[in-house]
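Here the structure is laid out as structure tokens; the discussion comes afterwards.
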Protein chains: 2
Amino acid sequence: MNNNSGFIEKLRSSGLRPTKQRLEICKLLFDRKKTFHFTIGDLSKILKKETNKKISLATIYNTVHSFKKKGYLKEISVDREKSYFDTNTSNHHHFLDISTNELIDLKEEDVDNIKIKKSLPGKKIKSIEVLVKIENNN
Amino acid sequence: MNNNSGFIEKLRSSGLRPTKQRLEICKLLFDRKKTFHFTIGDLSKILKKETNKKISLATIYNTVHSFKKKGYLKEISVDREKSYFDTNTSNHHHFLDISTNELIDLKEEDVDNIKIKKSLPGKKIKSIEVLVKIENNN
DNA sequence: CACTACTTTAGAATCATTATAAATTGCATG
DNA sequence: CATGCAATTTATAATGATTCTAAAGTAGTG
């Protein structure tokens, strides 16, 4: 379980100053047992509700982007108008529930190892991302 | 090889009036041997260059969206700020070249059949999309 | 032709995101 | 613990892509 001084360490070690705002966001994002999927809009609303201090929207954008750059968040783009951030940065894939717009983690072992049989000269594979769209069954 | 009257038929049969603008866009998009990947911005630029008639931006948006709805185009969202349309609407996956921002088709047989070992009650799988990010090999 | 519904259009409106520049804060140093 | 400086935050403005609007144009039907 991460505590405040854990977050301070985490931030410092990646060259980010542990400011009030970043710590607040850390607590909200990383102090959980389960993976958390959110859009910037979501995060902004939650911060407004759960916190008495006001964090400016620009700071929320900045923080999420620097957390992403430092590898603390992963971005999953599901369509033109919706991009989620994922606190689970391990190698894994996703269900997207079309009926509810909810993103759900697939563990690495939930998806058979994927073999790509084509390669391009001078290029190497950086990542493989699978998005499985699901919908109601009726 | 599709000709103009082929496009007229195609449009009519899906309840779209074959207007000058739509035919122009059809010719540009579908009168090719190879799959074509484009953003709306790309398409707009190409139309401006290749055509003497001016097609308004709103019409380009409308047309691409109705072609997508009719199943003539597939949309591939690669990140928050970039969404491609693909004239290849068959079941297939993609390479995204991070170095050039180019999208490249993978044929269905280029990717081993993907087995999802998890299922959610009341939900069924609608589609499986694989995006393989590649980069220069140096 | 004439009518009607569909389509196109230019420009305005909207929305999310990014840029700006001033105020504030963290922290190393003395 | 005061000082200085760079990093950070902030409110607000700017941007840019997409959508909306409502007026003008066009296709297809009878």
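The values are calculated or read from the model by the stated rules, or taken from the named source; none is laboratory data. Because the structure is a prediction, the values reported are computed rather than measured. Methodologically, a virtual Cβ is constructed for each residue, glycine included, from the backbone with ideal geometry; neighbour enumeration extends over all protein chains shown.
All of (1) within 30 Å of residue A:39 (Cβ to Cβ); (2) away from DNA strand D (no atom under 12 Å from the Cβ) hold for residue B:82 with one exception: (2). Answer with yes or no whether residue A:103 is in the same structural domain as residue A:15 (by TED's automatic domain parsing) and surrounded by 17 or more Cβ atoms within 10 Å (Cβ to Cβ). So residue A:103 does not fit the description; no.
For beta carbons closer than 6 Å, sequence separation of 6+ or different chains, a first residue in segment B:70-90 that is at the interface with another protein chain (Cβ under 9 Å from one of its Cβ atoms) and a second that is in a loop (DSSP other than H, G, I, E, B), the qualifying pairs are B:77/A:80; B:83/A:80. Among the residues of segment B:5-33, those that are more than 15 Å from DNA strand C (Cβ to nearest atom) and either in contact (Cβ under 8 Å) with a residue 12 or more places away in the chain or in a loop (DSSP other than H, G, I, E, B) (or both) comprise B:30, B:31, B:32, B:33.
Of the residues that make up segment B:47-69, is at least one in contact with a helix residue (DSSP H, G or I) (Cβ under 9 Å, 6 or more places away or on another chain), farther than 20 Å from residue A:79 by Cβ, β-branched (Val, Ile, Thr) and at pLDDT below 95? The answer is yes; a qualifying residue exists. Count of segment B:94-138 residues, restricted to those that are more than 20 Å from residue A:113 (Cα to Cα), within 7 Å of another protein chain (Cβ to nearest Cβ) and either in contact (Cβ under 8 Å) with a residue 24 or more places away in the chain or charged (D, E, K, R) (or both), is 7.
Residue A:58 meets all of the listed conditions (1) surrounded by fewer than 17 Cβ atoms within 10 Å (Cβ to Cβ); (2) more than 13 Å from DNA strand C (Cβ to nearest atom) but one, namely (2).
Just to be sure before I move on: is residue A:77 assigned by TED's automatic domain parsing to the domain that holds residue A:25 and at pLDDT below 95 in the structure I sent? When the stated conditions are applied, residue A:77 passes them. Where residues in segment B:34-55 are within 14 Å of DNA strand C (Cβ to nearest atom) and surrounded by 16 or more Cβ atoms within 10 Å (Cβ to Cβ), which of them is nearest to the other protein chains (Cβ to nearest Cβ)? Here the residue is B:40. Looking only at segment B:112-132, residues that are more than 14 Å from residue A:133 (Cβ to Cβ) and hydrophobic (A, V, I, L, M, F, W, C) come to 1 in all. Residue B:109 - would you say it is under 19 Å from residue A:130 (Cα atoms), outside the structural domain of residue B:41 (by TED's automatic domain parsing) and either within 12 Å of DNA strand C (Cβ to nearest atom) or surrounded by fewer than 17 Cβ atoms within 10 Å (Cβ to Cβ) (or both)? So residue B:109 passes the test.
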